[in-house]
Each structure stands twice: as structure tokens, then as C-alpha cells.
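Visitor: Quick one: this structure, given as C-alpha cells, is what I'll be asking you about.
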Amino acid sequence: MSQALLVINSGSSSIKFAAYEVQADAALQRIANGRIEGLGEAPRLRVWGHDGGVLEDRCIRLPADPALGPGDAFRQLFDWLRQHAGGRTLLAAGHRVVHGGEVFSQPVRVTPGTLGQLEGLSPLAPLHQPHNLSSIHAITELLPGLAQVACFDTEFHAAQPWVAQAYALPRRITEAGVKRYGFHGLSYEYIASVLPDHLGEPGEGRVVVAHLGNGASLCAMRDRRSVASTMGFSALDGLMMGTRCGNLDPGAVLYLMRSLGMTAPEVEDLLYEQSGLLGVSGISGDMRTLEASPASEARQAIDLYVYRFNQQLGSLAASLGGLDALVFTAGIGENSALVRQRVCHGAAWLGVELDAAANQAAGSGARCISAAGSRVAVWVIPTDEELMIARHTQAVLAAGAPSA
Ligand code: AMP
């Protein structure tokens, strides 16, 4: 009988999942993926098959509990999986966990001990980590015997040089964990794993990968290892994002609190939820909406997004001592020809030259979009964080013993 792995990526109002078939001596095959959206409001289960066809799309509100929390959501998901398992048994669940802190620099099998350590890291990512862990708790309650593996967004950056990780703060503060961790690591790790397939030799050189989704960051890689990233202690730093501010003078935070009388939760909401493209445009945090808008505020928001991208690309190119390749991924990186065209135009001084037709051409797979003579190879490569989590989960199970 064949087996399956479930991958979970949970946020505050939605749970994304993907199921993979595991076969001896064969690559993992995605069977289905989906999401439960509107947790706590109007929950909906949507599932797509491996060919992209819709398998399920229905409201899952419970008559007795209109709010539907993660536990109920997983009960409904497991019911659906059981009905559509096709004789496969569920081997394990792999989770995206945003923060591994300084404790976890590789994926780990979840035990009561590791779960306690992961909970101890919640203050480092208070808006994300608790949601990741509540899914682990919910599955533990529903299926206590199921193996679970935690995979971290920080782990790909854990081996960056000390100078890329440290802030210029007193040592006792650094030693208390206030340092640059970097995020989107599962996405970068996936891209690193396929770079040689697509880019050949330049993929092993000085590469900047731009993960441009609702959250956004850049990662500088040499030999396919992370050497610097634009996100730092939190997922707020670096690039301007959908609703997050990116780089901000810490003095501005002190001013907001001291002179404008804002509380810590108010500042948190301002910087995570009300800023970025949304805050600057006053229209939307969604790039597609802004590109379609005739408003000057929408244009200004995109101008600022592009300007700050190019500033930080320059900073990462400096940390690499040059640039051999630039790779775009995630929602904006994979789909916005306009953003790619504008940031590449601003990066001409680095030797980036775009092939305008290739950049505009519709496509969903990995593709080269640089001009034939460009000193820097420019690529679009779709990311696959779920596959990375599935691979890690399989490897942790194969290694056997739980680690801490
Ligand atoms: P993600 O978080 O990776 O799902 O990315 C979401 C972001 O990608 C949003 O800002 C979307 O507007 C943006 N996006 C998706 N498709 C397009 C598109 N065709 N053109 C411009 N932006 C897009």
C-alpha cells in the first residue's frame, strides 16, 4: 500500500496544505493541495488536484460552532483526506514553522520536548509562530500517533557569516538572541536546489534570489548557500512589502511611542498590517490591484517599492562582491513583468540587461529573461516551499531518531 505525507503552512486566518505520495526510490509526487480560508469567519475548504483541477470548494461552517478553530478545521480536512486517500496511509505531517531561533538549525521531529522549545521561541515571531504551533497541537490531539516534523524559515540562513548576522549592539544583547535571522528560508532552499538545473555554472556563483510575495525579501547566495538576506531579526526588515514597512529607522519607532503616544500593539499593527504598498498607496497591498490603478498614489507606491528593491539589491551585491545571476520568485516575482522590468532597469549598472520580449511572455515554468549579452543572468523560477517541507519530512523520518 502506498503512503502519503501532508504538508501544513498555517497562518492567522488560513491553513494551506499539500499532500504528496511517497514511493520507494521515486521522487515525491504531489497528489493535491488546498487551503482552508476564513478561519473564525466564513471558513471554506478548497482543494485542487495535481493537474490544477478543483476537487473541492465548499463552506465548512459547523452549525454548532460558527467560528471554526484550527482543531475543527483539521478534523474536516482529515475527513476529506480519508475519503480521497485512494488506499494510501498517512505517514507524517510536515509543518512550516517560521522561527527556529538559535536552537534549531535543521528540521526536527516534534516531541513534547521540542514543542516546548518551539513555544519558547514565540516571542521572536509573535504574529506567526503561535499559529504554526497551534496546528501541531491540533494534529497531536486528533492523531496522537502521527509523526510530525517542524521545518524552519530561518534555517537556510543559520550558517551566514557572523558579520551578516550581528547588529552593532552590545554583546549581551546579541547573546540574548537579538540578531539577524532571515526568513523565507524554505523558499530559498528550494530555489537553491534547482539553480544548477536551470542556470548551470552561474547558479553556483554570486546569486541574488528575490522572493517577492505579500512578504518579500532578498537572499544573497554563494555556492548556493545563504550569505546575507534583507530580513533581519523579524520579518519586518528589508524590502517594502504588501502591508509591512521594510527598513525603518528604529528612532522612528521610539518617536511613535514616545511622542505620538502609540502603544506597542498599535505600533505592531501599524508596521505589520497598515504599511508597505497598502500604507503608501492608501488603496491596496496587492501589487496586481496597484498596477491596474490609475491613481498617482498607486504609482508612487510602486515607485518606492522599486527604489528600495534596487537599493537593497545593491547592498547584497556588495556583500557578494558582484553579481552573476538574479532570480525572481513568488507571486510578484513570478507574475509581474512590470516590477521585473523596472527593477532590472535600475540594476543596469550591475550588468543586468533584460530581454523585453522574454520578460513579457506569459509562462508558468522556470525561464531565462535576460538578454543574450547580459553579464548577469536573469531568471524567473517558481518556488515550491511545500515540496521542500515534504522532502525534509521524508528525510527526518528516514533518519529515524528524533533530534533536539
Ligand atoms: P504570494 O504571497 O506569493 O501569493 O504573492 C502575492 C502577491 O503577488 C500579491 O501582491 C499579488 O498582487 C501579486 N501578484 C500575483 N499575480 C500577479 C500578477 N499577474 N501581476 C502582478 N502581481 C501579481
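The values are calculated or read from the model by the stated rules, or taken from the named source; none is laboratory data. Given the structure is predicted, the values throughout are model-derived calculations rather than measurements. Heads up, the Cβs are rebuilt from the backbone with ideal geometry, glycines too, and the neighbour counts pull from every protein chain shown. For the accessible areas, the whole protein counts, side chains as well, though only heavy atoms, and no ligand, DNA or RNA atoms are used. Shrake-Rupley method; radii C 1.70, N 1.55, O 1.52, S 1.80 Å.
Visitor: Can you find, among Trp48, Met1, Val267, the residue farthest towards the positive end of the dipole of the chain? Put +1 on the C-beta of Lys and Arg, -1 on that of Asp and Glu.
Guide: Of the options given, the answer is Val267.
Visitor: Right, something else. Note the angle between two axes, namely the Cα long axis of helix 129-142 and the longest principal axis of the Cα atoms of the chain, as a number of degrees from 0 to 90, rounded to the nearest 10.
Guide: 20 degrees
Visitor: Shifting gears a bit: For every other residue with a beta carbon closer than 14 angstrom to the beta carbon of Leu397, add +1 if it is Lys or Arg and -1 if Asp or Glu, then tell me the sum.
Guide: Result for the local shell: +2.
Visitor: Rounded to the nearest 10 degrees, what's the angle between the helix 385-399 long axis and the longest principal axis of the chain, both from Cα atoms, 0 to 90?
Guide: Computed tilt is about 50 degrees.
Visitor: In segment 293-359, what chymotrypsin sites (Phe, Trp or Tyr not before Pro) fall in a loop by DSSP, with at most 14 other Cβ atoms inside 10 Å? If you can, show how the numbers build up before the last one.
Guide: Working: sites: Tyr305, Tyr307, Phe309, Phe328, Trp349; in loops: none.
Passing both the DSSP loop test and the Cβ count: no residue.
Visitor: Which of the three applies to segment 278-365, rounded, prolate or oblate, going by the alpha-carbon gyration tensor with a ≥ b ≥ c and a/c under 1.5 meaning rounded?
Guide: Judged from the Cα gyration tensor, segment 278-365 comes out oblate (a/c at least 1.5, b/c at or above a/b).
Visitor: How much net charge surrounds Gly49 when only other residues with a Cβ under 15 Å from its Cβ are counted (Lys, Arg +1; Asp, Glu -1)?
Guide: Details: positive: Arg30, Arg35, Arg46, Arg88; negative: Glu21, Asp51, Glu56, Asp57, Glu386.
Counting the neighbours of Gly49, the net charge comes to -1.
Visitor: Another one. Please report the antiparallel percentage of the DSSP beta bridges confined to the chain, to the nearest 5.
Guide: Rounded to the nearest five, the antiparallel share is 65 percent.
Visitor: I would also like to ask the following. Identify the chymotrypsin sites (Phe, Trp or Tyr not before Pro) of segment 142-206 meeting these criteria: DSSP loop state and at most 15 other C-beta atoms within 10 Å of the C-beta.
Guide: Here the chymotrypsin sites (Phe, Trp or Tyr not before Pro) that fit, given the DSSP loop and packing criteria, are Tyr167.
Visitor: Which whole-number value in Å² is the accessible area per residue of the chain, probe 1.4 Å?
Guide: In whole numbers, the chain has 45 Å² accessible per residue.
Visitor: Checking the a/c ratio against 1.5 first, then a/b against b/c, what shape does the Cα gyration tensor give for the chain? Before the final figure, lay out the partial values.
Guide: Values: a/c = 1.41, a/b = 1.27, b/c = 1.11.
Since a/c stays below 1.5, the shape of the chain is classed as rounded.
Visitor: Follow-up. Within a Cβ distance under 13 Å of Leu354, other residues only, what is the Lys/Arg minus Asp/Glu net charge?
Guide: Once positives and negatives cancel, what remains is +2.
Visitor: Where the accessible area of the chain is counted over protein heavy atoms with a 1.4 Å probe, how much of it, in %, is carbon and sulfur?
Guide: After summing per-atom areas, the C and S share lands at 53 percent.
Visitor: Between helix 264-273 and the chain, what is the angle of the helix's C-alpha long axis to the longest principal axis, kept within 0 to 90° and rounded to the nearest 10?
Guide: 80 degrees
Visitor: Sort segment 1-104 into rounded, prolate or oblate with this rule: let a ≥ b ≥ c be the square roots of the eigenvalues of the Cα gyration tensor; rounded if a/c is under 1.5, and if a/c is not under 1.5, prolate when a/b is larger than b/c, oblate otherwise.
Guide: In terms of gyration-tensor shape, oblate.
Visitor: Go through Thr243, Thr114 and list them by solvent-accessible area, largest first, probe radius 1.4 Å. Intermediate values should be presented prior to the final figure.
Guide: Working: Thr243 45, Thr114 0 Å².
The ranking, largest first, comes out as Thr243, Thr114.
Visitor: For an R0 of 30 angstrom, estimate the FRET efficiency from the Cβ-Cβ distance between Ala159 and Leu248 and round to the nearest 0.05.
Guide: Values: r = 27 Å, r/R0 = 0.91.
Once the sixth-power term is evaluated, E becomes 0.65.
Visitor: Further question: Using helices alone, I'd like the mean residue ellipticity at 222 nm for the chain: each DSSP H run of four-plus residues gives -39500 (n - 2.57), total over residue count, nearest 500.
Guide: My calculation for the chain gives -11000 deg cm²/dmol from helical runs alone.
Visitor: Hey, another quick one. In debye, nearest 20: dipole of the chain around its Cα centre with unit charges on the Cβ of K, R (+) and D, E (-)?
Guide: Dipole size: approximately 300 debye.
Visitor: Here's another thing I want to ask about it. Put +1 on the Cβ of each Lys and Arg and -1 on the Cβ of each Asp and Glu in segment 336-385; which of Val376, His345, Gly363 then has its Cα farthest toward the positive end of the dipole?
Guide: Towards the positive end, the residue furthest out is His345.
Visitor: Something else now. Note down the magnitude of the dipole of segment 1-45 about its Cα centre, charges +1 on Lys and Arg C-beta and -1 on Asp and Glu C-beta and zero elsewhere, to the nearest 20 debye.
Guide: With only Lys, Arg, Asp and Glu charged at Cβ, the dipole is about 120 debye.
Visitor: R0 = 25 Å: FRET efficiency of Asp25 with Ala85, Cβ-based, nearest 0.05?
Guide: Approximately 0.70, to the nearest 0.05.
Visitor: Provide the percentage of antiparallel DSSP beta bridges, counting only those with both residues in segment 196-338; round to the nearest 5.
Guide: Around 70 percent antiparallel, to the nearest 5.
Visitor: What does the charge dipole of segment 6-125 about its Cα centre add up to, to the nearest 20 debye, if the Cβ of each Lys and Arg holds +1 and the Cβ of each Asp and Glu holds -1?
Guide: For segment 6-125, the charge dipole is close to 120 debye.
Visitor: Taking all protein chains together and a probe of 1.4 Å, list Cys368, Cys219 from the most accessible to the least accessible.
Guide: Cys368, Cys219
Visitor: Same structure again: Please report the spacing between the Cα centers of segment 329-404 and segment 1-57 in Å, no decimals.
Guide: Comparing the Cα centres of segment 329-404 and segment 1-57, I get a distance of 23 Å.
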